[in-house]
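Asker: I have a structure here, written as structure tokens, and I will follow up with some questions on it.
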Amino acid sequence: MSEASLGKILLTVTAVYAGAGPFVFDWNRTHIHNPDWPPHAKFHNAQTMSLGAALSAAALTAIWGNGRWNRNRLTVAAIAASLYWGTQLSASAYPGVSMADPPAKTSRLGPQTYVAAVALVVNAISAVLEHRRVHR
């Protein structure tokens, strides 16, 4: 296993959260088990959960897998750890989308917006820290 550093640990946190978070927050009666959701909506929810898990696995493999930690692996890790969060932010721009489920007040912004924005900022800081560390 490669050497731990603050940047790698922070990237790991956002990657793990992207992989586990969808299952924690969507594997329930308001989402995947919601009898009011049509099967195709559940398909897209399931696809998003699987995508988060796959991106998490890709990021974690790039961060902690065998081989030399270098600029290319850092780039792959940072992109893989950020894609889930970036697409989550972009989803609010689509028509008819709300960031909250009824009966909560619907909104273009919700907790997901802030979590995604923080994760992207943390990933950017992590990438800068690691780039500096790797290229000393």
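Every number here is computed from the coordinates shown, using simple stated rules; none is lab data. Everything numeric here is computed off the predicted structure, so don't read it as measured data. Here the Cβ positions follow ideal geometry from the backbone for every residue, glycine too, while neighbour counts run over all protein chains shown.
Asker: Considering only 93, 9, 27, whose Cα is most displaced toward the positive end of the charge dipole of region 6-134, charges sitting on Cβ of Lys, Arg (+1) and Asp, Glu (-1)?
Answerer: Final value for the positive-end residue is 9.
Asker: How tilted is helix 71-91 with respect to the longest principal axis of the chain? Cα atoms for both, answer in degrees (0 to 90, nearest 10).
Answerer: The angle comes out at about 20 degrees.
Asker: In percent, how large is the relative contact order of the chain, given Cα pairs closer than 8 Å and 6 or more residues apart?
Answerer: 31
Asker: Residue 57 versus residue 136, label points 7 Å from Cα toward the beta carbon: distance in nm?
Answerer: Distance between label points: 3.5 nm.
Asker: What do you get for the angle between helix 6-26 and the principal long axis of the chain? Use alpha-carbon atoms, 0 to 90 degrees, nearest ten.
Answerer: Orientation of helix 6-26: about 20 degrees from the principal axis.
Asker: Three principal axis extents, largest first, for the C-alpha atoms of region 20-71, in Å?
Answerer: Cα extents, longest axis first: 49, 18, 14 Å.
Asker: Right, here's the next one. Could you state the angle between the C-alpha long axis of helix 39-64 and the longest principal axis of the C-alpha atoms of the chain, as a value from 0 to 90 degrees rounded to the nearest 10?
Answerer: Once rounded, the angle reads 10 degrees.
Asker: Taking N as the number of residues in region 6-134, what value does Rg over Cα atoms divided by 2.2 N^0.38 Å take?
Answerer: Working it through for region 6-134, the quotient is 1.15.
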